[in-house]
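Engineer: Submitted below is the structure of interest, expressed as structure tokens.
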Amino acid sequence: MKNYSLAQTCLIAGLSLASLHFTWVVLILLGWAQPLMDFIFKLHMLNSPFQVQIFNWGLALSLIAVTFVIGAFYGFIFYLIKNSFSQASSQINTALR
């Protein structure tokens, strides 16, 4: 299994979360977001209390940027947790030899 650096892990997590929101921005731009959201709520047998606003480039870019930063932060947390478990696992393996 390949080990990724901190920067790579943050980039992967940031891009993953930002790409989901990029898709949402594209749906809003195309005018498909409200019908899709209404359909999803209907599948769950709920009435949608939300209404999609008019597309705004500033808000769209801010959404993508903010979600990238949040994703990168969670990538950082994941990296720290993964490394702490990896180090503990290697210490256990060494002790068992």
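Values quoted throughout were computed directly from the atomic coordinates according to the rules given, and no laboratory measurement underlies them. The shown structure was predicted, so the numbers you read here are calculated from the model rather than taken from an experiment. Methodologically, a virtual Cβ is constructed for each residue, glycine included, from the backbone with ideal geometry; neighbour enumeration extends over all protein chains shown.
Engineer: In sequence order, what are the phi-derived ³J(HN,Hα) couplings for the range 60-69 according to the Karplus relation 6.51 cos²θ - 1.76 cosθ + 1.60 with θ = phi - 60°, rounded to whole Hz, with x for glycine and proline?
Structural biologist: After applying 6.51 cos²θ - 1.76 cosθ + 1.60, I find 5, 5, 5, 4, 5, 5, 5, 5, 5, 5 Hz.
Engineer: Starting with the fewest neighbours, write out 45, 37 ranked by other beta-carbon atoms found within 10 Å of each beta-carbon.
Structural biologist: Ordered by Cβ neighbours within 10 Å, fewest first: 45, 37.
Engineer: Can you work out the Karplus-derived ³J(HN,Hα) for every residue in the range 9-25? Use 6.51 cos²θ - 1.76 cosθ + 1.60 with θ = phi - 60°, whole Hz, and x for glycine or proline.
Structural biologist: With the stated coefficients, the range 9-25 comes to 5, 5, 5, 4, 5, x, 5, 4, 5, 5, 5, 4, 6, 4, 4, 4, 4 Hz.
Engineer: I've got another one for you. Take 86, 19 and order them by how many other Cβ atoms sit within 10 Å, fewest up front.
Structural biologist: Fewest to most other Cβ atoms nearby, the residues stand as 86, 19.
Engineer: Still on this structure, please answer the following. Tell me the Kirkwood radius of the range 6-89: reciprocal of the mean inverse pair distance over distinct alpha-carbon atoms, in Å.
Structural biologist: For the range 6-89, the Kirkwood estimate is 14.7 Å.
Engineer: Alpha carbon centre of the range 1-22 versus the range 35-53: separation in Å?
Structural biologist: So the two Cα centres are separated by 30 Å.
Engineer: Relative to the longest principal axis of the C-alpha atoms of the chain, give the angle of the C-alpha long axis of helix 33-43, reported between 0 and 90° and rounded to the nearest 10°.
Structural biologist: Here the helix axis deviates by roughly 80 degrees.
Engineer: Neighbour counts of other C-beta atoms within 10 Å: give me 32, 57, 24 arranged from fewest to most.
Structural biologist: Arranged by neighbour count, lowest to highest, 32, 57, 24 become 57, 32, 24.
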